[in-house]
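Since the structure comes first, as structure tokens, the remarks are kept for the end.
Every number here is computed from the coordinates shown, using simple stated rules; none is lab data. Because the structure is predicted, anything quoted here is derived from the model rather than measured. Cβ placement follows ideal geometry from the backbone for every residue including glycine, while neighbour counts extend to all protein chains displayed.
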Amino acid sequence: MSATKAATDDIRVKAPQDQLLTIEEAAQYLRTTPSTLRYWQGISKGPKSFKLGVRRLYRKSSLDEFIAQAESEQYEVSA
């Protein structure tokens with residue numbers, strides 16, 4: 001099996017588990033607004049994202065990590 005085919009197979013396996021979400025979908029998932037995500041991006045506070053062409057995309061796993069980090073920071077402060 002060639003390296004390219006193996007890499008392609010890996011992407012196909014990961015795709016359903018790690019969806020790419022638009023800013024609108026990510027905002028809905030986080031129960032916030034797209035403008036809040038844009039603001040967080042501007043101050044380097046929000047979840048990891050990347051640009052693909054003109055669109056900013058978020059991996060669902062990055063949103064889950066962002067939630068977990070925010071949750072753990074909240075418990076650290078209140079402990």
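Values for this structure:
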quantity	calculated
Under the Debye formula (equal points on every Cα, no solvent term), log10 I(q)/I(0) of the stretch 18-78 at q = 0.23 Å⁻¹	-0.94
Amide H within-cut-off set for residue 19, under 5 Å, with H built and near neighbours excluded	60, 61
Fewest-first sequence of 73, 25 by Cβ atoms within 10 Å of each Cβ	73, 25
Ranking of 75, 39, 58 by count of other Cβ atoms within 10 Å, fewest first	75, 39, 58
Backbone HN-Hα couplings from phi across the stretch 47-52 [Karplus 6.51/-1.76/1.60, Hz, Gly and Pro as x]	x, 4, 8, 8, 9, 10
Of 29, 53, 70, farthest towards positive along the dipole that unit charges on Lys, Arg, Asp, Glu beta carbons give the stretch 18-78	53
